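Engineer: Attaching a single structure in structure tokens format; questions to follow.
Every read-out reported here was derived from the displayed coordinates using simple, explicitly stated rules and does not represent laboratory data. Bear in mind that the values here come from a model prediction, so they are computed numbers and not experimental data. When we count neighbours, we look across all protein chains shown, and the Cβ atoms used for this are built from the backbone with ideal geometry, even at glycine.
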Amino acid sequence: MASRYHEVYDGWKHDPEKFWADAAGAIDWYSPWDKVFDATAGVYGRWFTGATCNTCYNAIDRHVARGRADQIALIHDSAITGTVKKFTYAELKREVVALTSVLKNRGIGKGDRVIIYMPMVAEAAIAMLACARIGAVHSVVFGGFASHELATRIDDAKPKLIISASCGLEPGRIVAYKPLLDKAIEMSGHKPDACLILQRDQLRCELKDHFDIDYADAVARERAAGANVDCVPVLATDPLYIIYTSGTTGQPKGIVRDNGGHMVALKWTMENEFGVKPGEVFWAASDVGWVVGHSYIVYGPLLHGSTSVLFEGKPIGTPDAGTYWRVISDHGVVALFTAPTAFRAIKGQDPKGEFVPRYDLSKFRTLFLAGERADPETIKWAEQKLNVPVIDHWWQTETGSPMTINPAGLGLLPVKYGSPGVPMPGYDIRVLDDAGHEVPRGTLGNVVVKLPLPAGCLPTLWNADARFRQAYLDEFPGFYKTADAGMIDEDGYLYVMARTDDIINVAGHRLSTGAMEEVLAAHPDVAECAVVGIADAMKGQIPLGFVVLNAGVARGGDVIEKEVVALVRERIGPVAAFKTVVTIKRLPKTRSGKILRGTMQKIADKEAWTMPATIDDPAILDEITAAMRARGIGI
Ligand SMILES: CCC(=O)SCCNC(=O)CCNC(=O)[C@H](O)C(C)(C)COP(=O)(O)OP(=O)(O)OC[C@H]1O[C@@H](n2cnc3c(N)ncnc32)[C@H](O)[C@@H]1OP(=O)(O)O
């Protein structure tokens, strides 16, 4: 079919407000908006001002009322426990209502924050929806983060309640969540009123009297009492959730998502970008703690009346490299979203794709890859083995849905390997030089989006308008800075090459090297440090640390390196994949004291580099090269 992309994109550009008002017709509102877009509201304007709505109503209740009550809404498939649990829309509503009643009885209402720190269990999605039902603002914290990261988020979001579980399940290892949670609460200045704990049989935990509440007991009581809590109308501009993402320091940024624009944007993407119809099965193989989990495990598919798969497992090892194909086959998945790392892992274990033909993939139509750069070899391997289009796309926690994609629902454009596609309606993407001038097509520069950002994007940071302006809007006035560098080709396809800040992407997890440096610097024997992201064949990038020890430290560098690695795991979490530290005598710096991290990364990655003209002492780079080579890096 010929692609309708250009017609649709040009239609949006010609009249953005008409485009979004039309898209908003797919959402149920309690009362209409005063303005589709109010340029005078908020930091850069707000969408659907004055309208009232409820996200949970649109995700569940209206489907129950309109013929989807018996359709499966959510499938929890745990490849680790070997269990599958399905919820129809009616059953999901019952579970959400019961939990909402628990929240309400605890005094939680519109605008109150609830932190959700959970593994990949159905109750994580239920908790999000229960918050949405009463207008409480949820903040899901990824389970791979440790206590310190959780504590930072508790202090920023100031939740009344935390919903958590006794444990998470990683291959070959049970992760006890409760000690991590207790420690985080101990560390944080803000204290929640209570914690609601889901006891999992694999590792039950002690509950503290008068503070911890057993999730199952509380929900069962409400269910037995026939609890019924209606959806609470909220303003379209009211916050639905806060999701924290790495900033350039250890203080993460609280990305705010509103209710109205978010629903409109996600609903539109499901059919037009992902080519999925109501009633079909969509699987985002990510984690509810990441934005993909919010948008495409929970809200997008449910707003659309589709069925969503919530998967607890890994692409390999649970039990083998055929797991993804098993899930697609068992549940009739039509489209899968995952990170390229997952496919590199599968390809590594099953290079010939021998697991693929063992499963019925006849319903499977499209594979979507994002979260990190998709290397053409991995895309081609997936295309060949699965015989479906493999669509790379690009977006950020801040945007909530794709900025560029090859839109399956509008008719695919020709695939260009290495490009995550073309801009979607709402996104006027430009490439600017450092002085803010637009560069010619094909020239590398700063990728920015012309303001206003579309419906569904962050309106601001939680309680931090000034930080929002400073982080995203000030550098290129009139534009949102993506902090990605790239170029646009003659046909309008974007190519994203690198970050312009200290964020690295480890297996699709967005992490700050600045935050890691803060941890290294906290070690008592470390005088100076640097962390850079280096290439990794499996995870895309991994962090590499360098430390200079304090004068007079008697203990061996190897002992301290182990302690530093353990400290990062303890403070940030295992997901940082911080495994290597090299002890060096001095850090290479410019004469003004700036650490030459870029040069260190190039040496580690065996990329061509030139001696920086402003380097203080060129001999230091020889010392560092030798230190890395002694550890097998950069050879
Ligand atoms: C487009 C907008 C966006 O970018 S949203 C973000 C998109 N990113 C993603 O969806 C993430 C994609 N990546 C993944 O799902 C995983 O990395 C996949 C590919 C499945 C591989 O997982 P895995 O083998 O565990 O490696 P990893 O690098 O993720 O984990 C490193 C260590 O952290 C641990 N970990 C991971 N998750 C958790 C968790 N929820 N709770 C506790 N621990 C966790 C892993 O077990 C691993 O630990 P260890 O170092 O091996 O001991």
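Engineer: Would you tally the net charge around Asp536, using a Cβ to Cβ cut-off of less than 14 Å, leaving Asp536 out, and scoring K and R as +1, D and E as -1?
Structural biologist: Net charge in that neighbourhood comes out at +2.
Engineer: Peptides 501-507, 234-240: what's the order by average Cβ count within 10 Å, highest mean first?
Structural biologist: My ranking of the peptides, most packed first, is 234-240, 501-507.
Engineer: Scan the range 201-300 for trypsin sites (Lys or Arg not before Pro) in coil per DSSP, keeping those whose Cβ has at most 15 other Cβ atoms within 10 Å, and list them by number.
Structural biologist: Taking the range 201-300 and a limit of 15 other Cβ atoms within 10 Å, the loop trypsin sites (Lys or Arg not before Pro) found are Arg204, Lys208.
Engineer: With a 10 Å Cβ neighbour count serving as the proxy for reagent exposure, in which order, fewest first, do Arg173, Arg373, Arg467 appear?
Structural biologist: Arranged by neighbour count, lowest to highest, Arg173, Arg373, Arg467 become Arg173, Arg467, Arg373.
Engineer: Let me ask another. Cut-off under 29 Å on the C-alpha distance; same-chain residues fewer than 8 positions from Lys158 excluded. Which lysines are left, in chain and number order?
Structural biologist: Once the sequence-local lysines are set aside, what remains near Lys158 is Lys93, Lys104, Lys110, Lys178, Lys183, Lys191, Lys208, Lys253, Lys481.
Engineer: Next question. Could you tell me the calculated FRET efficiency between Val388 and Asp320, based on Cβ-Cβ distance and R0 = 22 angstrom, to the nearest 0.05?
Structural biologist: Efficiency, from the Cβ-Cβ distance: 0.55.
Engineer: Which ³J(HN,Hα) values, rounded to whole Hz and listed in residue order, are derived for the range 364-372 from phi using the Karplus coefficients 6.51, -1.76 and 1.60 in 6.51 cos²θ - 1.76 cosθ + 1.60 with θ = phi - 60°, glycine and proline given as x?
Structural biologist: Listing the rounded values in order: 6, 10, 8, 10, 10, 10, 6, x, 6 Hz.
Engineer: So, one more: Could you pull out the longest piece of the chain with no exposed loop GluC sites (Glu not before Pro) in it, calling a site exposed if DSSP puts it outside H, G, I, E, B and it has at most 13 other Cβ atoms within 10 Å?
Structural biologist: That would be 1-205.
Engineer: Which of the peptides 36-42, 365-371, 419-425 is most tightly packed, and how do the rest follow, judged by the mean count of other Cβ atoms within 10 Å per residue?
Structural biologist: The peptides rank, most packed first, as 419-425, 365-371, 36-42.
Engineer: Within the range 506-628, how many Lys pairs sit with Cα atoms under 17 Å apart, leaving out pairs fewer than 8 places apart on the same chain?
Structural biologist: Lysine pairs meeting the criterion: 5.
Engineer: Within a Cβ distance under 15 Å of His331, other residues only, what is the Lys/Arg minus Asp/Glu net charge?
Structural biologist: 0
Engineer: Here's another thing I want to ask about it. Roughly what percent of Cα-Cα pairs across the range 68-173 reach past 24 Å?
Structural biologist: Beyond 24 Å sits 29 percent of the P(r) for the range 68-173.
Engineer: Which net charge results for the neighbourhood of Arg106, defined as the other residues with beta-carbon distances under 12 angstrom from its beta-carbon, given Lys and Arg at +1 and Asp and Glu at -1?
Structural biologist: Cβ neighbours under 12 Å give a net charge of -1.
Engineer: Tell me whether the range 555-599 comes out rounded, prolate or oblate; compute the Cα gyration tensor, take square roots of the eigenvalues as a ≥ b ≥ c, and use a/c under 1.5 as the rounded threshold.
Structural biologist: oblate
Engineer: Over the Cα atoms, compute the radius of gyration (one decimal) and Dmax (the largest Cα-Cα distance, rounded to a whole number) for the chain, in Å.
Structural biologist: My reading of the Cα-based Rg and Dmax gives 24.2, 75 Å.
Engineer: At a Förster distance of 22 Å, what's the computed FRET efficiency of Thr614 paired with Ala435, Cβ-Cβ distance as r, to 0.05?
Structural biologist: 0.60
Engineer: Apply the a/c threshold of 1.5 to the C-alpha gyration tensor of the range 506-628 and tell me whether it is rounded, prolate or oblate.
Structural biologist: It is oblate, given that a/c is not under 1.5 and a/b is not larger than b/c.
Engineer: Among the aspartates and glutamates, select those whose C-alpha is under 15 Å from the C-alpha of Lys18, and discard any that sit fewer than 8 residues away in the same chain.
Structural biologist: Once the sequence-local aspartates and glutamates are set aside, what remains near Lys18 is Glu7, Asp10, Asp34, Asp38.
Engineer: Cα-based count: Lys pairs in the range 282-430 below 20 Å, eight or more positions apart or different chains?
Structural biologist: 10
Engineer: For an R0 of 22 angstrom, estimate the FRET efficiency from the Cβ-Cβ distance between Ala224 and Ala90 and round to the nearest 0.05.
Structural biologist: 0.80
Engineer: Also, I was wondering about something else. List the chymotrypsin sites (Phe, Trp or Tyr not before Pro) in the range 195-245 that DSSP assigns to loop (not H, G, I, E or B) and whose Cβ has at most 15 other Cβ atoms within 10 Å. Which are they?
Structural biologist: Taking the range 195-245 and a limit of 15 other Cβ atoms within 10 Å, the loop chymotrypsin sites (Phe, Trp or Tyr not before Pro) found are Phe211.
Engineer: Now, a different point. Residue by residue through the range 506-511, which ³J(HN,Hα) values in whole Hz follow from phi under the Karplus form 6.51 cos²θ - 1.76 cosθ + 1.60 (θ = phi - 60°), with glycine and proline marked x?
Structural biologist: 9, 6, x, 9, 8, 10
Engineer: Suppose the chain between Ala21 and Leu444 were pulled fully straight at 0.36 nm per residue; how much longer would it get relative to their current alpha carbon spacing?
Structural biologist: That pair, Ala21 and Leu444, stretches by 148.8 nm at full extension.
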